[in-house]
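Undergrad: Pasting a structure here, questions to come.
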Amino acid sequence: MPLILIAILPFLGALLPGLMIRAGRTVCAWTTATVTAAALIGLLVHAPAVLAGEVITYRLDWLPQLGLNANFMLDGLGLLFAGLILGIGLLIIIYARFYLSREDPMGTFYTYLLLFQGAMVGIVLSDNVLLMLVFWELTSLSSFLLIGYWKHLPEGRQGARMALAVTGMGGLALIGGMLILGQIAGSYDLSVILTQKDAVQASPLYLPALILILLGAFTKSAQFPFHFWLPHAMAAPTPVSAYLHSATMVKAGLFLMARLWPVLAGTPEWFYIVATTGLVTMVLGALIALFKDDLKALLAFSTVSHLGLITMLLGFGTPFAAVAAVFHIINHATFKAALFMTAGIIDHETQTRDIKRLGGLRHLMPVTFVIGTLAALSMAGIPLLNGFLSKEMMLEEAERTIWSGTPWLVPALATFGALLSAAYSFRFVIHTFMGPERHDYPARPHDPGFGLWGAPALLVVLVVVIGILPAAVAGGLVAAASGAVIGGDLPYYSLKIWHGITPALYMSIIALAGGAVLLALHRPLDRLWQATPRPEAKVIFDALMAGVVWLARAITAGVHNGSMARSGAVFAVTIVVAGYAAWAGGAQAPATRDLLPLAAVPLAGWFALMLVTLCLVFWHHQRLVALILIGVIGLIVSVGFVYFSAPDLALTQATVEVVTVILLLLMLNFIPKTTPFESSAGRRLRDGAIAVAVGLGAAALTFALQITDFAQPSISAYHLANSKTGGGGTNVVNVILVDFRGFDTFGEITVLGIAALVIFALTEAVLASPVGKWLANRPLNPDKAGDAHPLMMVVATRVMMPIALVVGTYIFLRGHNEPGGGFIAGLIVAIALVMQYMASGFDWAAARQRFPYHGIIAAGVLIAALTGVGSWFAGRPFLTSSFGYFEIWPIEEFELATAMAFDVGVFLCVVGAVMLALESLARLARRSGVRPSPHAMDVDPSRDVTAGGQ
Amino acid sequence: MMQIALTFAIGCFTLGLLMNLWRIVKAPGVGDRVLALDTMVINAIALLVLYGIAIGDAVYFEVSLIIAMVGFISTVAYARALLRGNIIE
């Protein structure tokens, strides 16, 4: 299976659970599991080659100009992580099927889970750091959805927000770091960057890049001082916690450090930042974990601690430490996922996770007891379980490490961390399962069905098997992954249980014995711990966030308080100041163009425009008058466009003008006839001064631009020269719209369609609310005069309809070579249709409307998109147009261009959007109790009365 | 001869346009302004046609046709808004 497919499969599969949930929860779970299993199998097919040292790659150009390519790479490290993500993901999917209750929307859960899974697989398989950043952000977003899955719990929402804020900020830093790294290395491809160790470490930008990248990694992997989000993310359902915090999300940071280890590691900066952070995190996390009563919180802090351990190992920068780190990643994923699932089982069965309310469960839940105990003992580092092996390697490496000339510091703290780790692991076992059976569990506990304990049991089997036969079971994977991390020859190491009497063994014994002693003293220590004041991370975080929000609000409110006048003033002043600065700092080239002679008619038009605009400024409080004045301005502008040889613009302006007037008149029906005077005289004077400054500035700028030729050749010349040869049309405006800048147009018609749909949705929302009732029952206007559906108008519009349609068709067809095109044709047809609504009424017209406008919009966008996609089949980029000339007797030679199909899309979208917007607004004006007239026109209003038999 | 006729006609319609403008600026009611705007559209169409004849370009003729075809809708809409409040009943 190509690598890109492995990464994309979960994303594609994410569509399925939401649909399959209709077929039942089990079907939904199986579908999800099938998707993950397919990706896993696709990955495992490559495993033999990768374990033999091969690197599988897949390359696809995406935006090569930016260095952003969809390049994927699978080496030992990628195989290890992708295997963990997909393998444990599969177990989590099965576990979640039995864990989630009937009230939980399972389809949503699996969709989020698959999105997250795809993002994670994407990170570990990316060969391009920019692509990796995309996936990195996707994990932040999808984990937000997963952590906040229980939307009704405030802790869930807060935890999700906190996780998003912290990892999102880290992601931002990471982007900076990766860009610097890519600049230094000269490529954004990892396979290139990894070979540039000397260049990167010699660069003066090495330290900034390192710090930024590490910020990304540390926030993701919950390293001190960013560790606080992880325990709060425990508000998520247990399958999420088990997945995110054992094998995936938090391991992404470790993966990043491991991935970039060959380029970044080995310097003192790397050692002191990474190893120290890891060490502090390990000890601190373990210490807090010991005093947590919530099982999941205990596991959360133990996760923080173990992540610290792995970070520290990576930070040591020696090949042996890297091997130990890789090995511990495997071991931690297995026992920690099993432990989280055990905690979930206990929570599920006893309805509590509070360790103080548990105890004595070993007889009630024997299966869970065995699973949980084996996993916890592995975490403590008991021989014959896998946790022991990697911990021994860690201690061995720590023993050799000298921190700033102090040889005892790292070994002592590492031993202390291991001791604490042993203590909380023992506590997990003893305080939950041992001791006397109690009678006050919130629910009567018993072992769950196989569905719940099957997944952790499988993991515990791995824990034991790796623990006993490490080299045989995990040796190949460890070697392959470590080889990828180190990027060179592997150091000497041996994965076996007995290494002889070594210092590490003594340290291990001290840790286990000390852990047992510490647990015996837990009660007094706990009292002491609870009495000690400590900074509460959540309080600090919340205060920080509140401060940031306050600052953002203050700035936003200062610039943009919702008042159009304020926004306009800020914008205008900025423009004037920037324009003045540019003007004062530059020089004006001498005039190279002569002024055109002034004719009388344009002068009259100019005078009219000025006068009407001035009137508008003074009279805009009377809304209907303002609309009429705007109509005059629109007319003069249209005529001006024709005069200045822009007939396309003139046609557009004239038709848009009509639609705008109808739209605004529909709205004016619902709002007061006048705008109240709200601003003081001083304020108006100030705003007037700003407006005059902007107006004069814009006029001066236009004048200055027009009296000289452009310094550089303008793009217009290119368009004029290539319109016929490249786009097959002589109407440059239309060729620009549908060909040169077709992608723009495609975006615009999509936005237009969305805007119309939003108007529709808002109208529906208003009509469904109490406001809708009020609108339907508001009193009729007593001053109404004339007929609702006058004969003259009905007849005139009926006659106009076919003419307007023919004109629309004509304008459309000739658009490529003469003024016109889909946009104008769409407006003309929409106006022809609106005429019918106005003449014969909403009900009459709506009854004859056979295609819903939503569908017309969608058809337009789809046709445009399909036209664009069509060029892919010809091996050309999206929306490349082609054209040819055809001759069918008896018609003369004519041209067909793919751009015309695109223009059909534009046409349909415009018709649909305009009609949907107008129809939605007209819907607001309908009243209840007014029976629609069955007749198209009001010839004789009394006929309904006589027909009714009165 | 043609040139004189064109100049005369353009002069007349321009004058008409300015008189419409006067009506828009100073009018007893909104209805008068609507009428003035409608007449203004007609005068503008006439000017476009005349200008097209003057420089011999058919495009102006087409544009004026389309403005004529759709331009009256706004007037109808204004009238309906004034008479009945609602333009689509």
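Nothing in this text is a laboratory measurement; each read-out follows from the coordinates by a stated rule. All of these numbers come straight from a predicted model, not from anything done at the bench. Here the Cβ is made from the backbone with ideal geometry for all residues, glycine too, and neighbour counts use every protein chain on show.
Undergrad: Calculated from DSSP H runs of 4 or more alone, at -39500 (n - 2.57) each and per residue, what is the 222 nm mean residue ellipticity of chain B, nearest 500?
TA: -31000 deg cm²/dmol
Undergrad: Return the long-range amide H neighbours of residue A:68 (sequence gap of 5 or more, or a different chain), with a cut-off of under 5 Å between placed amide H atoms.
TA: A:63
Undergrad: Sort A:800, A:835 so that the residue with the fewest other Cβ atoms within 10 Å of its own Cβ comes first and the one with the most comes last.
TA: A:800, A:835
Undergrad: Kindly provide log₁₀ I(q)/I(0) values, in the same order as q = 0.14, 0.29 Å⁻¹, from the Debye equation applied to equal alpha-carbon scatterers of region A:305-370.
TA: -0.57, -1.19
Undergrad: Once both labels are modelled 7 Å past Cα along the beta-carbon direction, what's the residue A:678-residue A:889 spacing in nm?
TA: Roughly 7.2 nm, to one decimal.
Undergrad: If each residue of separation counts as 0.36 nm, what is the full-extension length gain between residue A:45 and residue A:509 once their alpha-carbon separation is subtracted?
TA: Gain on stretching residue A:45 to residue A:509: 162.9 nm.
Undergrad: If I model a spin label at residue A:798 and residue A:670 as a point 7 Å from the Cα along the Cα→Cβ vector, what separation in nanometres do I get?
TA: 3.2 nm
Undergrad: Evaluate Rg over Rh across region A:871-916, taking Cα atoms for both radii and Kirkwood's formula for Rh.
TA: 1.14
Undergrad: Using only the alpha carbons of chain A, determine the length spanned along each of the three principal axes and report them from longest to shortest in whole angstroms.
TA: 107, 81, 73
Undergrad: Enter the angle in degrees (range 0 to 90, nearest 10) between the Cα long axis of helix A:386-399 and the first principal axis of the Cα atoms of chain A, meaning the one along which they spread out most.
TA: 80 degrees
Undergrad: How big is the C-alpha Rg of region A:267-520 next to the rule-of-thumb value 2.2 N^0.38 Å, as a ratio?
TA: In units of the globular-protein estimate, region A:267-520 measures up at 1.00.
Undergrad: Sticking with this structure for a sec: So, R0 is 25 Å and r is the distance between the beta-carbons of residue A:712 and residue A:567; what FRET efficiency does that work out to, to 0.05?
TA: 0.15
Undergrad: Report the full-extension gain for the segment residue A:805 to residue A:205: residue separation times 0.36 nm, less the Cα-Cα distance, to one decimal in nm.
TA: Fully extending the segment from residue A:805 to residue A:205 adds 209.5 nm.
Undergrad: For A:303, A:334, what's the fewest-to-most ordering of other Cβ within 10 Å of each Cβ?
TA: Ordered by Cβ neighbours within 10 Å, fewest first: A:303, A:334.
Undergrad: Is there a simple number for the mean count of other chain Cβ atoms within 10 Å of the Cβ of residues in B:42-50, and what is it?
TA: 3
Undergrad: Still on this structure: Name the residues of region A:280-320 whose amide N is less than 19 Å from a point 7 angstrom out from the Cα of residue A:440 along the C-beta direction?
TA: Zone members listed by number: A:293-295.
Undergrad: Please give the helix A:470-486 orientation as an angle from the longest Cα principal axis of chain A, in degrees from 0 to 90, rounded to the nearest 10.
TA: 50 degrees
Undergrad: Quick one: length gained pulling residue A:363 to residue A:412 fully straight, 0.36 nm per residue minus the C-alpha distance?
TA: The span from residue A:363 to residue A:412 would gain 13.8 nm if fully extended.
Undergrad: Continuing with the same structure: Give the residue from A:658, A:556, A:412 lying farthest towards the positive end of the charge dipole for chain A; charges sit on Cβ (+1 for Lys and Arg, -1 for Asp and Glu) and the dipole is referred to the Cα centre.
TA: A:412
Undergrad: Sequence-distant or interchain residues sharing an amide H contact under 5 Å with residue A:622, placed H: which?
TA: The answer is A:675.
Undergrad: Ranking A:748, A:887 by Cβ neighbours within 10 Å, fewest first, what do you get?
TA: Least to most surrounded, the residues fall as A:887, A:748.
Undergrad: Also, I was wondering about something else. Under Stokes-Einstein, with the Kirkwood radius over Cα pairs standing in for Rh, what whole-number D in µm²/s applies to region B:2-84 at 25 °C and 0.890 mPa s?
TA: 179 µm²/s
Undergrad: Can you list the aspartates and glutamates whose alpha carbon sits under 19 Å from that of residue B:26, skipping same-chain ones fewer than 8 residues off?
TA: Result set, ordered by chain and number: B:38.
Undergrad: Straight-line reach from residue A:336: which lysines have Cα under 20 Å away, leaving out those fewer than 8 places along the same chain?
TA: A:220, A:251, A:292, A:296, A:391
Undergrad: Helix-only estimate, please: 222 nm mean residue ellipticity of chain A, summing -39500 (n - 2.57) across DSSP H runs of length 4 or more and dividing by its residues, to the nearest 500.
TA: Calculated from helices alone, the mean residue ellipticity at 222 nm is -23500 deg cm²/dmol.
Undergrad: Please state the Cα pair-distance histogram of region A:829-950 with 10 angstrom bins from zero: what percent is in each bin?
TA: In whole percents, the pair-distance histogram is 11, 27, 22, 18, 12, 7, 2, 0.
Undergrad: I need the fraction of alpha carbon pairs in region A:164-206 separated by more than 16 Å, rounded to a whole percent.
TA: Across region A:164-206, Cα pairs with separations above 16 Å total 39 percent.
Undergrad: Whole Å is fine, so just give me how far the alpha carbon centre of region A:479-498 lies from that of region A:658-676.
TA: Measuring centre to centre over Cα atoms gives 76 Å.
Undergrad: Which angle between 0 and 90 degrees, to the nearest 10, do you get for helix A:564-585 versus the longest principal axis of chain A when only C-alpha atoms count?
TA: Rounded to the nearest ten degrees, it is 90.
Undergrad: Determine, from the Cβ-Cβ distance of residue B:19 and residue B:55 and an R0 of 22 Å, the FRET efficiency 1/(1 + (r/R0)^6), rounded to the nearest 0.05.
TA: The calculated FRET efficiency here is 0.30.
Undergrad: Relative to a virtual label point 7 Å from the Cα of residue A:869 in the Cα→beta-carbon direction, which members of region A:58-77 show backbone nitrogen distances below 18 Å?
TA: Zone members listed by number: none at all.
Undergrad: For residue B:65 paired with residue A:599, estimate the spin-label separation in nm (one decimal), with each label point 7 Å from Cα along the Cα-to-Cβ line.
TA: Taking the two extended label points, one gets 2.2 nm.
Undergrad: Still on this model: Cβ neighbours within 10 Å, averaged per peptide: list B:20-26, A:718-724, A:708-714, A:339-345 in order, most packed at the top.
TA: Ranked from most to least packed, the peptides come out as A:339-345, B:20-26, A:718-724, A:708-714.
Undergrad: Quick one: which residues, 5 or more positions from residue A:403 or on another chain, have an amide H under 5 Å from its amide H? H modelled 1.01 Å from N in the peptide plane, none for Pro or chain starts.
TA: Long-range HN contacts for residue A:403: A:409, A:410.
Undergrad: With the radius of gyration and the Kirkwood radius both derived from the Cα set of region A:1-100, what is their ratio Rg to Rh?
TA: 1.06
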